[in-house]
1. Determine the calculated [θ] at 222 nm for the chain from helices alone, applying -39500 (n - 2.57) to every DSSP H run no shorter than 4 residues and normalising by the residue count; nearest 500 deg cm²/dmol.
2. Report the Stokes-Einstein translational diffusion coefficient (µm² s⁻¹, integer) for the chain, Rh taken as the Kirkwood radius over Cα pairs, at 25 °C with viscosity 0.890 mPa s.
3. For region 61-121, rounded, prolate or oblate, judged on the Cα gyration tensor with a ≥ b ≥ c (square roots of eigenvalues), a/c < 1.5 rounded, else prolate if a/b > b/c?
4. Contact order normalised by length for region 4-147, with contacts defined as Cα pairs under 8 Å and 6 or more residues apart; what percent is it?
5. Using every alpha carbon pair in region 119-159, what percent of pairs falls into each 10 Å bin from 0 up to the bin containing the largest distance?
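Please treat every number below as a calculation from the coordinates, not as lab data. On a predicted model such as this, the values are computed, not experimentally measured, just so you know.
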Amino acid sequence: MFRLAALFVLLSGAAWAQCPEPAQTLVSCTLKGGAKQMATCLDDIRVSYAFGAVGRAPELVLDHSVRDVGMRPWPGVGSSIWEEFTFYSKGFSYVVHYAVERTPGGQVSGGVTVMMGEQELAHVTCDPGSVVSAGYGLPLFEATERAGQTYSLETHIWN
């Protein structure tokens, strides 16, 4: 099976901030004034997260089936279209989010929150103007459905 994580490890420098083909970028950006970068990619039913210093190999790469990533989709209301998804590894949770304002020329924002259990260890916001996102059609939601799961808007649970 094609593994996005292996490709991230092979890539260095700014190249890994873009998803390798045929993967689709879910959200990527620079953080901390351009010192760090984050990329999340979707390839069929695999999703990956990479984080690290700009110009270097990623410090952290996670690669999971969409069924193993916590995903909270946009409920269809509000001033922004957004997605939030969580990667789990060794007791840590990496909660990635992005939002697109629903106005002409709407701003795009994003970031990542690192959790250990219920404790927030870090909350990093994407640098303004650096966010690249999949936006609406919500490809991670669609991939999770293709993997056989359904989401309940009433209970906010995937079945």
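1. That calculation yields -2500 deg cm²/dmol at 222 nm.
2. 155
3. Prolate.
4. 22
5. With a bin width of 10 Å, the distribution comes to 21, 30, 36, 12.
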